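The values are calculated or read from the model by the stated rules, or taken from the named source; none is laboratory data. Every value quoted in this text rests on a predicted model; they were computed, and no experiment measured them. With ideal geometry, Cβ positions are generated from the backbone for all residues, glycine too; neighbour counts draw on all protein chains shown. For accessibility, only protein heavy atoms count, side chains too; no ligands or nucleic acids. Shrake-Rupley method; radii C 1.70, N 1.55, O 1.52, S 1.80 Å.
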Amino acid sequence: MENRYKIAVGSDQSVILELLVAKKKRYARYILLTTASVIFLIPVIIILVLFLPSGEPLQFGILFSFIISWLCGGYLFRLYLWNTYGREVYVFGTRKLTYYANYRLMKDRYKEWSYSKIDIYYLSNNEVFPISCLQNESVEYLHQTQSSVCFILNGEEIVVSHIQLSLAEVIDIYSQCIPSLYNKRWIAN
């Protein structure tokens with residue numbers, strides 16, 4: 001099974017964690033793309049066929065409905081990009097965690113949190129648990145159970161990933177990220 005995460009070290013010695021979206025079925029993605037294209041192109045066709053030849057100006061109500069149509073088409077296109085190329089990116093800098101969602105053609109706005117201490121937990125039934133709770137679980141359970149990755153900042157603030165990974169992958173992320181962060185002396189023991 002291929003990992004759905006990547007860990008790298010940036011040029012400024014920051015640790016970069018990318019969580020990759022599990023690609024949806026191909027036909028579902030094509031339906032999204034086709035629907036987005038049709039919704040986006042209908043107003044363009046109406047303008048070219050009805051309004052340009054007649055020379056009539058666009059009325060406010062028609063223009064407003066075109067804008068709504070383009071927004072809906074844009075939203076569906078964004079869903080297509082997320083389900084095809086989506087990834088969540090966490091950058092652990094010196095006492096700063098930065099997050100953004102990457103859609104390949106566009107990125108969401110950046111969110112930043114300051115911290116003096118950081119730890120990685122997992123989420124189960126809307127409760128946060130330390131990774132050490134998983135040490136007696138079977139390998140099969142760890143590979144089959146999905147969970148979000150949680151970052152506990154300063155012992156109180158919780159940042160939760162939207163992408164769910166297997167518990168085995170969460171343990172791998174913990175074992176690779178935490179030593180890197182401790183070696184940089186960015187967090188307190």
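The figures follow:
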{"quantity": "Solvent-accessible heavy-atom area per residue, rounded to whole Å², over the chain at 1.4 Å", "calculated": "62"}
{"quantity": "For segment 31-75, Kirkwood radius (reciprocal of mean inverse C-alpha pair distance, Å)", "calculated": "11.0"}
{"quantity": "Gap separating the Cα centres of segment 105-161 and segment 38-92, nearest whole Å", "calculated": "36"}
{"quantity": "Tail weight of P(r) past 22 Å, computed on alpha-carbon pairs of segment 88-189, percent", "calculated": "32"}
{"quantity": "Rg(Cα) / (2.2 N^0.38 Å) computed for the chain, rounded to two decimals", "calculated": "1.37"}
{"quantity": "Förster-model FRET efficiency, 41 Å R0, residue 94 and residue 22, C-beta, rounded to 0.05", "calculated": "0.80"}
{"quantity": "Of 23/96; 96/117; 24/111; 23/111; 24/107, those spanning more than 22 Å from alpha-carbon to alpha-carbon", "calculated": "23/96; 24/111; 23/111"}
{"quantity": "Of 156, 88, 112, the one that fluctuates the most in a GNM where the chain has Cα springs shorter than 10 Å", "calculated": "156"}
{"quantity": "Projected label distance in nm at residue 158 and residue 105, using a 7 Å step from Cα toward the beta-carbon", "calculated": "3.6"}
{"quantity": "Rounded percent of accessible protein surface that carbon and sulfur make up, the chain, 1.4 Å probe", "calculated": "56"}
